[in-house]
Amino acid sequence: MEDKTFELLTKMYGEFSEFKDITNKKLNKLHEDVLRIEQDHGKKLQVLFDGHIQQERILNEHGKQLADINNKLDYLALSVNAQDKRLEVVEARKKKAK
């Protein structure tokens, strides 16, 4: 009976050791996969963040250019209004002179 118990324990120990080895290998592989995914995603997120910063700079530059254009348009509108008033005055003087 003692021999059978010893054989059974030896067999169980062997199976447990094999299970432990397989589990450790799978855990190591999983750990490597997680590290690789973290590195890959970290690089991709950095690229996206850099692109976002670049887009923000471009939008700010376009905003400045648009403000400059609006200022010029406002100035031109004022100039046109002033010229229209001058024309009205000139035309009114011409009518009085006739």
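The values are calculated or read from the model by the stated rules, or taken from the named source; none is laboratory data. Remember, predicted model here, so these are calculated numbers, not experimental data. A quick note on method: Cβ atoms are made from the backbone with ideal geometry, for glycine too, and the neighbour counts reach across all protein chains shown.
Per the listing Glu61, Glu56, Glu91, the residue uniquely modelled with pLDDT under 95 and of a type in the set (Asp, Glu) is Glu91. Does at least one position in the range 3-12 carry a residue that is hydrophobic (A, V, I, L, M, F, W, C), under 43 Å from the mean Cα position of the chain (by Cα) and part of a helix (DSSP H, G or I)? No - not one qualifying residue is present in the range 3-12.
Kindly indicate whether Leu78 is at pLDDT below 95, among the hydrophobic types (A, V, I, L, M, F, W, C) and either in contact with a Pro (Cβ under 7 Å, 6 or more places away or on another chain) or surrounded by 10 or more Cβ atoms within 10 Å (Cβ to Cβ) (or both). Answer is yes for this residue.
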